[in-house]
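Asker: Sharing a structure with you now.
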Amino acid sequence: MVLVHVDCTCLLLQPFQSSDLASIDSTSQKIVVLFHPRKQRWKRHFHLNGALIEGITSSGRATVALLHMNDPERVAYRLGLIEIGHYPPDSAVGETIPERRLTDG
């Protein structure tokens, strides 16, 4: 059995997840490919500004907008995590979170 680390914010984004592969970048107004978490590095496309997630590339900006990553309830949730020292995750500040494995036996 393999267990993979899941960030709590993924559960909050679930209603907005779909089969979308591209969206419009708010700066260039061009259609761009969305951020792919298994193929791209988070810190290359996003920057944390307190509890806000800011896209720093066209893919990052389009992903933030399409997934409603800075909706008020998400920002409030992240503020609560900051207050108790559980945010930001290590992956957002430059460290990688290793895959966690659970082995039988």
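Asker: From the set of residues in region 74-99 that are in a helix (DSSP H, G or I) and among the charged types (D, E, K, R), which is modelled with the lowest pLDDT?
Answerer: ASP90
Asker: Then there's this: I want to confirm something. Restricting to region 29-59 and keeping residues that are in a helix (DSSP H, G or I) and basic (Lys, Arg), which single residue is surrounded by the most Cβ atoms within 10 Å (Cβ to Cβ)?
Answerer: LYS43
Asker: In addition: Specify the residue that is nearest to ASP25 (Cα to Cα); the eligible residues are those in region 60-88 that are without any contact (Cβ under 8 Å) to a residue 24 or more places away in the chain and either surrounded by 13 or more Cβ atoms within 10 Å (Cβ to Cβ) or aromatic (Phe, Trp, Tyr) (or both).
Answerer: VAL64
Asker: Examine region 15-28 for a residue that is closer than 18 Å to PRO89 by Cβ, out of contact with any His (no Cβ under 6 Å at 6 or more places or on another chain), exposed (fewer than 12 other Cβ atoms within 10 Å of the Cβ) and modelled with pLDDT under 95, and state whether such a residue exists.
Answerer: No, that holds for no residue.
Asker: Let me ask another. Quick one: would you say GLY105 is assigned to a loop (DSSP other than H, G, I, E, B), at pLDDT 90 or above and exposed (fewer than 10 other Cβ atoms within 10 Å of the Cβ)?
Answerer: It is false that GLY105 is assigned to a loop (DSSP other than H, G, I, E, B), at pLDDT 90 or above and exposed (fewer than 10 other Cβ atoms within 10 Å of the Cβ).
The values are calculated or read from the model by the stated rules, or taken from the named source; none is laboratory data. Please read all numbers here as calculations on a predicted model, not as lab measurements. Please note: Cβ atoms are built from the backbone with ideal geometry, for glycine as well, and neighbour counts cover all protein chains shown.
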